[in-house]
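The values are calculated or read from the model by the stated rules, or taken from the named source; none is laboratory data. Owing to the predicted nature of the structure, the values given are computational and were not obtained by experimental measurement. Virtual Cβ from ideal backbone geometry, glycine too; neighbours counted across all protein chains shown. All accessible areas refer to the heavy atoms of the entire protein, side chains included, with ligands and DNA or RNA removed. Shrake-Rupley method; radii C 1.70, N 1.55, O 1.52, S 1.80 Å.
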Amino acid sequence: MSISTAFPDPALLELPWELPLEQWPPEVLATYPRGLSRHVVRFARVGPKVVAVKETTAHYARREYGLLRKLQPMSTPSVVPDSVVTDRYTSDGEPLPAALVTDHLSFSLPYRTIFEQVPAPETIERLVDALALLIVQLHLSGFYWGDVSLSNTLFRRDAGAFAAYLVDAETGELHPQLTPGQRGYDIDLARTNVAGEVMDLLAGEDMQRRLLDVGVDPASVDPFEISQRLVDTYEGLWEELTATETFPVDDRWRVQARVERLNDLGFDVEEASLDKDETGQVHLRPRVVEPGHHARRLLHLTGLNTQENQARRILTDIHQFGHTLYPGLPEDLTAQLWMREVFVPIMEAIPGQLRRKREPAQIIHEVLEHRWFMSESARADIPTLEAVRDYVKHYLAQLPDEKNVF
């Protein structure tokens, strides 16, 4: 047995590599929800962390490991590769498949689990929107997926939306820049796969029963309409992020307007081309766009590492907090006061055993939303800590753990 990794962890040697993955004993496994996969996949405990182990061929394990390693410095949302395990044999000397080991993505779930928890058309639409954004981010990085699907993606809660992460890169390719044909093939495949996955999701009797229980007729959910939503969302984002904009030289304000629109979408412009032709028209095209505009800004102000929509929501609350209590105070000082007077008291009021159910930033978002709904219902301003207690008792305590499920 041979383990190839950039960061060797001796605890990997303790896993029962001499057994087929399907036969691994419960004491080494972590019981996380698993999505559909053509490979055998299991979650295992390695020291203090959890890893996902996928059996495949040595060629594809090494190839996927290399691709995922290259994606890490590009800030593309994907799982982190841990190691490749080859030369596996049973105690009788029979060869076993190689394995790709990746770090488990905390608080992530497959799309089926999320839809089972909240069986509503808007849930699958939000998942599809997150997948469209992920495809855009991958394509901007020059990554051709080759097997786009909801099943090959994990999702994290992101305020009222979701953030999508690439899980299966086995068929992927990394290029300096994708051609329109490569992008088009990925999107056509996404359209087909997503429609099929939604059809399969709706076909189950249990899911039909869940939908009917919440007042949704399964026949009213159109898989092809949902898959077309993915295509439309992708094309709209790609156009805004990459299209050349032409305007008269006197309309220089449109440069800043374009940057602000991209910031609103969650992207920073790191480089752009600005050319003037013989007719006096200016041609503007963003060349390098970096996702995570609001998340980077919040990280700089508070040190909180969040998803993009969570950051957007928290930045709004920091602004409102400062405007109400500390008008005129610089943003960085306001953010530190918000951490001390809002973030810390909320997190201290959450029982330790319940903090595994949601990421801290998601808890903050949900508490703020809960307080708003309570205030609307009471037609009076509800104190934050009162809202936290009600949120914990009537909502958080009822949720399944999403960090670790053993």
Given an 8 Å cut-off on Cα distances and at least 6 residues of separation, report the relative contact order of segment 108-242 as a percent.
32
Over all viewing directions the Cα convex hull of segment 141-218 casts an average projected area in nm² of 6.7
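Percent relative contact order of the chain, based on C-alpha pairs within less than 8 angstrom and at least six residues apart?
Details: 607 pairs, mean separation 50.9, N = 406.
The value is 13 percent.
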Once you keep just the Cα pairs under 8 angstrom separated by 6 or more residues, what percentage relative contact order results for segment 175-279?
22
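For an R0 of 41 angstrom, estimate the FRET efficiency from the Cβ-Cβ distance between Thr242 and Asp92 and round to the nearest 0.05. Intermediate values should be presented prior to the final figure.
On the way: r = 56 Å, r/R0 = 1.36.
Computed FRET efficiency for Thr242 and Asp92: 0.15.
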Charge sum, other residues only, whose C-beta stays under 15 Å from Asp206's C-beta, Lys/Arg counted +1 and Asp/Glu -1:
-1
With R₀ set to 22 angstrom, the calculated FRET efficiency between the beta-carbons of His323 and Lys393, to the nearest 0.05, is 0.10
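Classify segment 313-406 as rounded, prolate or oblate from the Cα gyration tensor: take a ≥ b ≥ c as the square roots of its eigenvalues, call it rounded if a/c is under 1.5, otherwise prolate when a/b beats b/c and oblate if not.
Details: a/c = 2.55, a/b = 1.49, b/c = 1.71.
It is oblate, given that a/c is not under 1.5 and a/b is not larger than b/c.
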Tell me, what % of the accessible area of segment 337-406 is carbon and sulfur with a 1.4 angstrom probe?
53
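Taking all pairs of different Cα atoms in segment 68-122, averaging 1/r and flipping that mean, what Kirkwood radius in angstroms comes out?
Details: mean 1/r = 0.0684 Å⁻¹.
Its Kirkwood hydrodynamic radius stands at 14.6 Å.
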Once each part is reduced to its C-alpha centroid, what is the distance from segment 214-260 to segment 266-342 in angstrom?
21
Quick one: grab the alpha carbon gyration tensor of the chain, order the square roots of its eigenvalues as a ≥ b ≥ c, and give me rounded if a/c is under 1.5, else prolate or oblate depending on whether a/b is larger than b/c.
oblate
For the chain, what is the mean residue ellipticity at 222 nm derived from helices alone (per DSSP H run of n ≥ 4: -39500 (n - 2.57); sum divided by total residues; nearest 500 deg cm²/dmol)?
-14000 deg cm²/dmol
Calculated FRET efficiency, Leu19 and Val259, Cβ-Cβ r, R0 51 Å, to nearest 0.05?
0.40
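Once you have the Cα-Cα distance between Asp277 and Ser4, take 0.36 nm times their residue separation minus that, and quote the gain in nm to one decimal.
92.9 nm
Could you give me D for segment 14-128, from Stokes-Einstein at 4 °C and 1.567 mPa s, where the hydrodynamic radius is the Kirkwood radius over C-alpha pairs? Units µm² s⁻¹, please. Intermediate values should be presented prior to the final figure.
Details: Rh = 15.7 Å.
The calculation lands on 83 µm²/s.
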Can you tell me the length gained on complete extension of the stretch Val249 to Thr192, counting 0.36 nm per residue apart and subtracting the Cα distance?
16.1 nm
Would you calculate the separation in nanometres between label points at Gln117 and Thr316, each defined as 7 Å from the Cα along the Cα-to-beta-carbon direction?
2.1
Given the C-alpha centroids of segment 101-171 and segment 1-58, what is the distance between them in whole angstrom?
22
